[in-house]
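Here is the structure we will look at.
The values are calculated or read from the model by the stated rules, or taken from the named source; none is laboratory data. This is a predicted model, so every value here is computed, not measured. Positions of Cβ are backbone-derived with ideal geometry, glycine not excepted, and every protein chain shown enters the neighbour counts.
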Amino acid sequence: MSLVAGPRKGRSKLFWVAVWALVIGSVVYAPIAMTAIWPYASPGAPSLGPDVLERATDYSYVHDALIDRQPVYDKNIPALLVHTIGGGLLMLLGPAQLLSVVRRRRRLHRTVGVVYAVTVYVSMIGALIYLMTTPMAEVFSGPVFSIALTTILIGTVMSVTFGLVALAQGQIQMHFRWMALNYAFLMTAPVLRLEWGVLKQFHPEATLAEVNMMSVMNQGGLVVFAAAVASRMLDSRRPAPGIKGTWLPWPAFIGSAFFCLVALIPIGVVFHSWGASGDRLFAYFAVPYLAAAAVMIWCIVRSTRAGRTLASEEWRWQLFLLCGVPGLALALAFAFQNWLGQDSATALTAAVAVSWGVSAFGAFMMIGLRLYLGTRAAEKVSISRRQALSTETADPERESELVDAR
């Protein structure tokens, strides 16, 4: 079985542009991640991230946000060093995995894959220790970011675990999907740093903490959407074994779209009640959200017309569960406010930030279930046909008829 479905020569220029953009971005960010905690562990040590951000923005924007972090980080220096150095290493291993799989270098892919999976678990253990031993209010940018980081941690661990399970089951294409999602979760770190610089240009008056709030409203969903695009690029099969029709006819989307609007409107009203800052936060969620929905609709229509049943079903699940984001956000906001003791603004902001990624994760689970059941159904049909053929050839009278027919 080939590592990647589809001929290598048939890959589009857009595919290679995306691959090399990811490779370059990851390699550039790796030393920034590795040196993030060094100044706190050893005062005076270089920290590339703040230095680069300071040159792109201004001194006070960066250092006012970091000035009170030393007492917090002092409690968890070893765990944070494990997390950040491991994260930097993953920024190098991820592109190596991608290039090895698209170039079909199996031995390299398997070797790097083992190191990658181990590094993910070790790095996330460091993050878990930090989050469990640090009060939510003391986490960088406060409770909203603490909840978002915890969600990303869970998604990262679950996606690499599901990827390993899929590989053990022989579900190679689903393995690629889970690993693409896993790396997408890891890419929230460099995307966040990029938005720190870009959003500051649009909002010069905003502090780094305020820019962080804008960023978490959309980046989780955007990177998971990118993982969905990557999974389609890695699995170029038109049909897939055992997948016929769809589990999601158009009436299902009508109901989900209505549910989406019913929940989205009160969310917008609540954000608007907070004034200009609330309108800004809602815009940084709603605009990318609606744009992603529009792209998914276009992908469904295009793939359906082209007869690419697998792509159509995959985008259908992404869109269907995307419509559930506002409703999930309202439910999570209620939970965060009542179970975690957060105020209504913090609860709703964190809920919106988390719900997009959670819903998209669910879409990956459903397409994984479709592929698994489809493969098993195709295998049963194949076994039945072989048994029928074996029975026919084992029957002397039937065998004589077959000889006469020849």
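Scan A360, A378, A335 and give me the residue that is part of a helix (DSSP H, G or I), small (G, A, S) and buried (at least 19 other Cβ atoms within 10 Å of the Cβ).
A360 is the lone residue from the list that is part of a helix (DSSP H, G or I), small (G, A, S) and buried (at least 19 other Cβ atoms within 10 Å of the Cβ).
With (1) of a type in the set (S, T, Y); (2) crowded, with 19+ Cβ neighbours inside 10 Å; (3) closer than 16 Å to M179 by Cβ as the list, and Y61 as the residue in question, which single condition is left unmet?
It fails just one condition, (3).
For segment 271-315, enumerate the residues that are among the aliphatic types (A, V, I, L, M), buried (at least 18 other Cβ atoms within 10 Å of the Cβ), over 22 Å from A252 (Cβ atoms) and over 19 Å from the mean Cα position of the chain (by Cα).
L281
Quick one: which residue in L53, L80, L98 is within 27 Å of G113 (Cβ to Cβ), crowded, with 16+ Cβ neighbours inside 10 Å, at pLDDT 85 or above and not aromatic (F, W, Y)?
L80
Given the structure, is A206 among the hydrophobic types (A, V, I, L, M, F, W, C) and under 21 Å from F364 (Cα atoms)?
no
Examine segment 254-261 for a residue that is loosely packed, with under 14 Cβ neighbours inside 10 Å, of a type in the set (V, I, T) and over 30 Å from E210 (Cα atoms), and state whether such a residue exists.
Yes, segment 254-261 contains at least one residue that is loosely packed, with under 14 Cβ neighbours inside 10 Å, of a type in the set (V, I, T) and over 30 Å from E210 (Cα atoms).
Give, as residue ranges, the helices (runs of 4 or more DSSP H) completely inside segment 200-294 that count at least 2 residues that are at pLDDT below 90 and closer than 24 Å to M179 by Cα.
In segment 200-294, 219-234 are the helices (runs of 4 or more DSSP H) which contain 2 or more residues that are at pLDDT below 90 and closer than 24 Å to M179 by Cα.
Looking at R398, is it at pLDDT below 90 and of a type outside the set (A, V, I, L, M)?
yes
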